[in-house]
Every structure is written in C-alpha cells, then in structure tokens.
C-alpha cells in the first residue's frame, strides 16, 4: 500500500506514461499530475484535489453497496436491472 503522495504519483506516472504520450524526460510525478488534472473528474476544480478524492470515495462506496446488495438480494426485482451485465 502506498502511504505517501510522492509514491502514489510515481506509481501512477510510471504506469500511464506511454498511454499519455509523455516524453521520457518528464518525471513520473508530472505525468501523474497530467493524468489527474486532464482525465480524472475533469469537471471539478483543479485547485481542490480533495474534491476529487471525496467524489472517488463516494463512487467507490456506492459501487460496493450495489455489489453487496446484488449479492444478498439476487431475487429482488428492483436490483435485477443493475445486476445483469450486458443483457438487454
């Protein structure tokens, strides 16, 4: 688990460098900052990264709740639409 922001930025930057087309002269932290500012929750203010983190945590919480509800209530008609992937 990564505990320091520099470690997290280096990890992200090293894995997304080729996808973003960044030169090898750019540091991993610069690549990670570009990724977070241009591709992750771009509708939020770039000067407030805590908002992005809060939204990410809320979305993960809702995803876990949906998966948990689908697992426990597979018979419930209300969850059938959200729990059937790709079936139209």
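Please list, ordered by first then second residue, the pairs with beta carbon atoms under 7 Å, 6 or more apart or interchain, first in segment 33-54 and under 15 Å from residue 5 (Cβ atoms), second not in a helix (DSSP H, G or I).
37/46; 52/40; 52/41; 52/44
Among 40, 31, which is the only one that is assigned to a loop (DSSP other than H, G, I, E, B) and modelled with pLDDT of 85 or more?
When all the criteria are applied, what remains is 40.
Testing residue 46 on (1) at pLDDT below 80; (2) surrounded by 13 or more Cβ atoms within 10 Å (Cβ to Cβ); (3) assigned to a loop (DSSP other than H, G, I, E, B), one condition comes back false. Which one is that?
(1)
The values are calculated or read from the model by the stated rules, or taken from the named source; none is laboratory data. This is a predicted model, so every value here is computed, not measured. Don't worry about glycine lacking a Cβ; one is built from the backbone with ideal geometry, like all the others, and counts go over all protein chains shown.
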